[in-house]
């Protein structure tokens with residue numbers, strides 16, 4: 001059996017558990033791999049199996065979490081030990097589908113002990129470069145779902161590099177929310193109204209500045225750049241925010257009211273781009289020679305990213321072998337089910353190696 | 001060490017050998033995998049190592065093949081044994097980069113003996129469904145390069161299915177040659193002239209009917225459909241040819257002279273599509289419910305495949321999870337270097353499992 005310890009039981013975490021239960025029998029038949037949860041862990045504790053959790057125990061966890069309870073509310077919950085202590089003596093897969101900022105070092109410790117890691121959580125890969133190297137050494141960590149959710153991005157990039165290709169440039173639209181906003185602006189909607197609508201529809205984070213700051217895109221850009229082999233420190237990627245510093249420290253309610261103060265700058269950029277016969281996109285541009293940029297950029301109308309409408313992600317790889325015409329991947333780059341599916345694919349690929 | 005036997009030393013085969021020699025030290029360092037050729041095989045013989053070929057021996061083979069010689073012209077060549085007899089007792093990877101039609105059964109025998117297979121050759125997967133099942137059982141064969149060359153297509157499809165998603169439709173443009181031709185027609189070039197130009201530029205096979213018949217696209221469609229789980233016999237996919245049956249049996253020279261006889265039908269279809277406000281594309285459409293189609297189809301201008309210009313391939317997956325907006329992959333789907341890179345990635349992925 002392949003033991004799995006899953007950290008995180010939010011939306012993605014619960015979707016992953018459901019998908020795992022659904023496919024485990026097929027995977028056993030198809031590849032002879034027996035995927036088993038040995039522990040499910042949330043922010044307050046863990047439920048561990050002996051050696052594996054039963055389907056009934058797993059269902060109990062799902063039910064409790066869906067009702068808003070933590071694992072420490074369950075019988076047999078373990079609250080006095082760190083998840084590292086729950087790892088079995090045989091090789092296990094640790095799956096991190098939290099958004100926690102404190103997991104990089106313990107995950108690296110798990111890898112040192114011979115275990116493998118699968119991440120949807122971007123933060124462990126965005127600490128010091130040394131921690132990134134420790135996590136990814138010898139392919140010990142898979143992290144497809146950190147960029148573009150279920151879209152094939154990290155795996156594609158690693159295959160290109162492993163086969164001896166060299167990346168010249170990656171150009172990408174990595175935020176569905178910002179993509180949606182730019183399309184609204186192109187339809188003639190004002191920036192403040194577009195943000196308010198997106199917020200009401202639940203397309204943004206509860207605090208829309210978490211999207212508009214570009215910080216999440218910057219993390220994805222850092223992960224892509226480091227995967228390309230660029231030895232970057234955590235603060236190397238600075239995203240251009242779509243609101244002024246004066247709106248940074250106020251409440252969400254006040255921010256939504258004062259959005260007009262962010263409007264002029266963005267609309268002005270849009271008009272200038274349009275007057276130049278170009279389109280405006282919030283993009284990531286990575287080139288080993290020129291570094292990493294994250295922000296609003298004018299693009300010619302025949303640029304691959306210019307064709308993008310709405311919330312799709314798009315990633316374009318220009319390499320020595322894909323020099324004249326890039327390799328392009330496009331599709332929904334967020335969502336609970338596709339993110340969980342990306343994680344599950346990584347778990348299966350890892351289990352096939354053990 | 002991971003022993004590799006490579007069948008085929010044409011353009012793709014030689015590019016693969018060169019790429020392998022270039023990346024092997026990095027792969028050894030990065031993943032602890034020692035990729036070694038134990039034999040190189042062409043249509044007339046084999047050169048086998050003891051246990052592995054030296055870099056000098058491999059260079060000798062490359063030099064001989066580049067000069068148009070066969071392996072049986074080399075010292076120590078083996079001509080009296082089938083490559084199956086060269087397989088080592090330990091698990092090896094058999095790589096088929098030929099276009100041979102006779103390899104399916106021996107490759108299945110290699111798998112029965114515990115070996116693994118990587119294919120750029122489409123034909124072994126296009127024999128009986130039973131042979132396809134025998135080759136792909138338990139993921140024993142990887143075949144990314146059979147569809148879209150180095151583009152991520154087969155791996156993406158398998159990941160979707162393994163994670164419990166269900167394919168509703170695959171729509172794809174899988175022929176760079178036919179894509180180039182359709183773009184020429186849209187520029188106003190006549191069909192006969194466009195084919196003659198493509199032939200002169202070396203964009204078509206030596207006999208352009210090998211492209212215009214759609215037979216190669218039909219093979220890719222069959223592989224995709226079978227990968228989706230459709231139990232199809234070899235003759236299940238019938239491609240629409242872009243020339244009349246009267247031009248089927250004549251010489252290439254005569255065919256190129258009489259191309260005008262194929263022109264009317266295609267140009268008429270283009271005009272009808274245009275009058276309907278649509279575009280004409282040579283596409284593959286696969287849906288588990290409605291079967292497989294390969295041929296000229298009218299598409300609305302906002303269809304993902306309508307945006308395609310020139311020789312790029314494009315593959316659009318609509319699934320239960322990618323229901324509203326598809327997952328789309330686009331880029332060059334042919335070429336010696338990118339095809340070899342697709343094969344090499346499959347070899348590395350396989351070696352990581354051994």
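Taken together, the values in this text are just the output of simple stated rules run on the coordinates, not laboratory data. Just so you know, these numbers come straight off a predicted model, no measurement behind them. When we count neighbours, we look across all protein chains shown, and the Cβ atoms used for this are built from the backbone with ideal geometry, even at glycine.
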Helix-only [θ] at 222 nm, chain B, -39500 (n - 2.57) per DSSP H run of 4+, per residue, nearest 500, equals -12000 deg cm²/dmol
By Cβ neighbour count within 10 Å, fewest first, B:348, B:315, A:33 rank A:33, B:348, B:315
Bridge orientation stat for the range A:1-131 from DSSP, antiparallel percent rounded to 5, came to 25 percent
Percent relative contact order for the range B:286-354, counting Cα pairs under 8 Å at least six residues apart, stands at 18 percent
Relative contact order as a percentage, chain A, C-alpha pairs under 8 Å and 6+ apart, gives 21 percent
Partner shielding of B:161-169, taken as the mean number of other chain Cβ atoms within 10 Å, equals 6
Quick calc: nm separation of the 7 Å Cα→Cβ label points for residue B:169 and residue A:302 -> 3.0 nm
Least to most buried among B:85, B:205, by other C-beta atoms within 10 Å and fewest first, runs B:85, B:205
Measuring from the longest principal axis of the C-alpha atoms of chain B, the long axis of helix B:55-66 (C-alpha) lies at a number of degrees, nearest 10, equal to 40 degrees
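Can you give the FRET efficiency to the nearest 0.05 for residue B:187 and residue A:75, using r as the Cβ-Cβ distance and R₀ = 60 Å?
Between residue B:187 and residue A:75 the formula returns 0.25.
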What one gets for the range B:167-332 as the Kirkwood radius, inverse of mean 1/r over different Cα pairs in Å, is 16.4 Å
A student applying the Cα gyration tensor rule (rounded when a/c is under 1.5; otherwise prolate if a/b is larger than b/c, oblate if not) would label the range A:125-238 prolate
Distance in nm between residue B:22 and residue B:236 label points, each 7 Å along Cα→Cβ, equals 3.9 nm
Simple SL model, points at 7 angstrom along Cα→Cβ for residue B:336 and residue A:56; separation in nm is 6.5 nm
With N residues in the protein assembly as shown, Rg(alpha-carbon) / (2.2 N^0.38 Å) equals 1.00
For chain A, longest principal axis from Cα atoms; helix A:336-353 axis from its Cα atoms; angle between them, nearest 10 degrees, is 50 degrees
Output field shielding_mean for B:145-154 (other chain Cβ, 10 Å radius) holds 3
Between the alpha carbon centres of the range B:1-71 and the range B:219-237 the gap in Å comes to 31 Å
Counting only DSSP beta bridges fully inside the protein assembly as shown, the antiparallel percentage to nearest 5 is 65 percent
Cβ density ranking, 10 Å radius, fewest first, applied to B:316, B:251, A:43, A:345 yields B:251, A:43, B:316, A:345
Measuring from the longest principal axis of the C-alpha atoms of chain A, the long axis of helix A:11-31 (C-alpha) lies at a number of degrees, nearest 10, equal to 60 degrees
With 0.36 nm assigned to each residue of separation and the Cα-Cα distance removed, residue A:201 to residue A:353 gains 50.5 nm
Where a ≥ b ≥ c are root eigenvalues of the Cα gyration tensor, a/c under 1.5 meaning rounded, otherwise prolate if a/b exceeds b/c and oblate otherwise, the range B:1-152 counts as rounded
Quick note, chain A: a/c under 1.5 would make it rounded; otherwise a/b > b/c is prolate and the rest oblate (a ≥ b ≥ c, C-alpha gyration tensor); here it is prolate
Taking every DSSP bridge whose two residues both lie in chain B, the antiparallel percent to the nearest 5 is 65 percent
Chain B, Gaussian network, Cα under 10 Å: of B:224, B:86, B:35, the residue fluctuating most is B:86
Plugging the Cβ-Cβ distance of residue B:89 and residue A:130 into 1/(1 + (r/R0)^6) at R0 = 51 Å yields, to the nearest 0.05, a FRET efficiency of 0.75
Inter-part gap, Cα centre of the range A:137-179 to Cα centre of the range B:94-137, in whole angstrom, is 30 Å
